[in-house]
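Here is the structure we will look at, set down as structure tokens.
Every number in this text was worked out from the coordinates using simple rules, so none of it is lab data. Just so it is clear, the model here is predicted, and its values are computed rather than measured. Here the Cβ positions follow ideal geometry from the backbone for every residue, glycine too, while neighbour counts run over all protein chains shown.
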Ligand SMILES: [Zn+2]
């Protein structure tokens, strides 16, 4: 029998606010010693009270809007009660039945060519707990992460394969970075994911019991864990077995799913309204201020790049992976004022390489979009040849100097002076009688080798077209 | 010395600011008074029956800290600066408030070793206004009680009018200290009547402000949606003086209101003529559930009489008395409170787990759960345990609808009772309700304790104000046949403590109640 997988994801997105959600401690403690960004509030001292950091609500509204979700005029905070050493208050402040946004969707263009629409059930704000580490028979607790703001987003059971689940995370990561609400770095657990997985015969319209995979924290892990679980469920059903609603944990190193003890998963959290916080009222004025410069979203921009600039899907996709890169592209194109595809090639080949090598984002480059446009123009006009142009990109980035200045200072301008070039060509022809003979006896492909020799002699500055013309004449 | 002790707090402050009294002298006289009347402080494992003729208001006396504060006040005076409206006034703090560098115990073994890392906003404001903190006074464990007998710190406070009787609770130490002349003011908290009831029992003034009027930051939470910090004082004017200092928005408390704070002392000068004060039959009886039936009992005659006498005196001053004001949902105040306060309390007590601070079991434990179980089992007394069990039960997913959600609905109905009678367009158009504060005078120690349901009904006349969030004040008006103080309560509109204080001042003047000191 053929089966299809039914997958829903719950993701936790760590927001990049300056301070924590309910106190003034610094939110980002990456790489800092344990228990250094803490205060009475986030360590749950007696008598303290939470005060909502408004930036958290604002970032949630940005994400909700990007997901086409309905931002609620009034939402509430609730307490989720449970005991755990890294949960200092013994309850987590979250939003239970009246979250900040409801509904919405995200479209996933799949590499196979179809688009999967994933519905969003709800999106809510909550605080993170601390971290527990086991060492020498002790539990060590780091409260730095307590009170770091999170958005939890829950999808409908709309994903149909491990690849689609991975694609959802890729697009979500792109989106949160695009909106500037999270670093979206999965290695730093800025996006964490739980997956609900079930299978059914292809075409069936009912749902079977599902299992929940906890704590899958990289895109590859999500893909592998889900694929593994789908296979397990198929094997189980084929063997006449039943799927139990287990909670599973993905062991990334071993590449296996482990069943979690049911004691840890069956809990009554005794939710009730957080009496220490007022309802969150998102009035029209505040919302309008938040959305005042809401950006064009990546998929919209991708489609526009294809329609407006005639870019191939491949180019449009790459150029819109990061908002800064796509902004860079458009600025360079505007400055260049010519063939969009030509600029795209330069950005995708030269600029992207530079970004990857140096770990930069496009808005941090010293090769500004304007400089890039100048470099392409220099190549177009023949002032420098293509390889010098490419080298210029790196040189401008290293020095921050305008491309023309570097060309002047380093004498990089192409040698197009026919007299000078003829002299060099004659020298090369005279110095290589064997190759000349081979050429003349019919191995004309050697022309490339002669051009190379001339280029070497001129340290790459010769105009290759001119060189070829002279060489053919001398050899012919 | 008694001369000094009989002065009012505003008189002390005025004398200190005028350079006629030194803050240090006031403090030393107060410390002497404490030394002579208070006896040994409450301690974990202390003898409950020790020194039965002493007050035992304190858990922690911070004399050296107080001396430093008094000296700082005097130094400001010497430098020509104004130390503030509480200049040199010694006050105590219910040990439910966290104060930096001092034990902040909540009257519980589980926090007996906890030293505050920060200072509660109302305490900070009193100190900034020149007040001199004497120390932390006893209370029911985590404020769970109405007699102060549930404190883990023994001996527990005794009533200065008759030390065989309770001072009331949970702000028992606060009321006893103020009544006995151990400081002029005390910062208490009121969750169902915990300021007003002990104030009535001890013959002092107790004010529960509007919810949100005074910051809760630093108040170790019991029922977060009900807890209200407020003044205990020997006179209405002193209560007004203290409220002036502690009231107002606090950025550390999201539920503190950004409502302007009026001049309460100026409000006292206004005439009460023309104000409308209501009497409600629903406040002259106690209704309680017994075996599924609602049983109605009238209040003792002398309690009712104290209210009627007060009403008559107010009428003589030109106040319009409105009779037969219906407050039909008052009778459900205790059951709803029983549920709401316990749900919030159970959650608020989660953090005491032996992990971060406070008591951790010294026993060998097999795992983390056993550490939790033993630390909490040994650290909490009976009252917190009862509240945790009941709170967890009624908020469980399968019962929440039946109990907690219904209790919240009842709360809304109680609120509407108040809105209806205070509505300026409505039938009653009241400025305040006048009621008894308590159904009885102070009861003997050991008489009610242990029966947690019966103890709850001690709050039946006060709890509705906590549900509704409205302000209430208890003013001593008379002694009963046994020579014990009786208080009357005024309940007012949201954030209209000014009118309440104005009426309370009139009640106080007319009653001519003589303080214990
Ligand atoms: Zn903090």
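Below are the figures for this structure:
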read-out: Three-way shape call for the range A:418-475 based on the alpha-carbon gyration tensor, with the a/c threshold at 1.5; value: prolate
read-out: For the range B:221-304: Kirkwood Rh in Å [reciprocal of mean 1/r, alpha carbons]; value: 17.2
read-out: Rounded FRET efficiency, nearest 0.05, which uses the C-beta distance separating residue A:160 from residue A:208 and R0 of 25 Å; value: 0.95
read-out: Other protein chain Cβ atoms within 10 Å, averaged over every residue that makes up A:86-99; value: 2
read-out: Rg(Cα)/(2.2 N^0.38 Å) for the range B:180-334, N = residue count; value: 1.18
read-out: Gyration tensor (Cα) of the protein assembly as shown, equivalent ellipsoid semi-axes in angstrom; value: 74, 33, 26
read-out: Whole-percent pair-distance distribution, where bins are 10 Å wide, for the alpha carbons of the range A:280-323; value: 27, 32, 20, 17, 3
read-out: Separation in nanometres of the label points that stand 7 Å from Cα toward Cβ, at residue B:389 and residue B:481; value: 3.9
read-out: Taking the range A:3-289 and dividing mean pair separation by its residue count, relative contact order in percent (alpha carbons under 8 Å, at least six apart); value: 24
read-out: Pairwise centroid distance, computed over Cα atoms, of the range A:223-252 with the range B:296-338, Å; value: 68
read-out: Euclidean distance of C-alpha centroids, the range B:13-69 and the range A:403-465, integer Å; value: 101
read-out: Sites residue B:309 and residue A:283, calculated FRET efficiency, Cβ-Cβ separation with R0 51 Å, nearest 0.05; value: 0.50
read-out: Beta bridge orientation in the protein assembly as shown: antiparallel %, DSSP, nearest 5; value: 85
read-out: Dimensionless Rg ratio for the range B:1-61, taking C-alpha atoms and the 2.2 N^0.38 Å reference; value: 1.41
read-out: Sites residue B:269 and residue B:14 - FRET efficiency at Förster radius 25 Å, r taken between beta-carbons, to 0.05; value: 0.95
read-out: Tail fraction, Cα-Cα pairs, the range B:334-398, threshold 14 Å, whole percent; value: 59
read-out: Stokes-Einstein D in µm²/s, Kirkwood radius over Cα pairs - the range A:141-275 at 25 °C with 0.890 mPa s viscosity; value: 147
read-out: Cα point-scatterer Debye curve for chain B, base-10 log of I(q)/I(0) at q = 0.06, 0.08, 0.11 Å⁻¹; value: -0.25, -0.44, -0.86
read-out: Value of Rg/Rh across the range A:213-268 [Cα atoms, Kirkwood radius]; value: 1.00
read-out: Label-point separation in nm, residue A:242 to residue B:367, each point 7 Å along Cα→Cβ; value: 2.7
read-out: Averaged over B:249-256, number of beta-carbon atoms from partner chains that fall within 10 Å; value: 4
read-out: D (Stokes-Einstein, µm²/s), Kirkwood Cα radius, the range A:3-289, 1.567 mPa s at 4 °C; value: 65
read-out: Full-stretch length increase - residue B:290, residue B:259 - with 0.36 nm per residue and alpha-carbon distance subtracted; value: 6.9 nm
read-out: Label-zone membership for the range A:454-476, site residue A:437, 7 angstrom Cα→C-beta point, backbone N under 18 Å; value: A:475-476
read-out: Three-way shape call for the range A:247-321 based on the alpha-carbon gyration tensor, with the a/c threshold at 1.5; value: oblate
read-out: Cα pair distances of the range A:298-409 binned at 10 Å [whole percent]; value: 15, 50, 29, 6, 0
read-out: For the range A:320-344 and the range A:1-21, distance of Cα centres in Å; value: 32
read-out: Extension reserve of the residue A:267-residue A:300 stretch, reckoned as 0.36 nm per residue once the Cα distance is removed; value: 7.7 nm
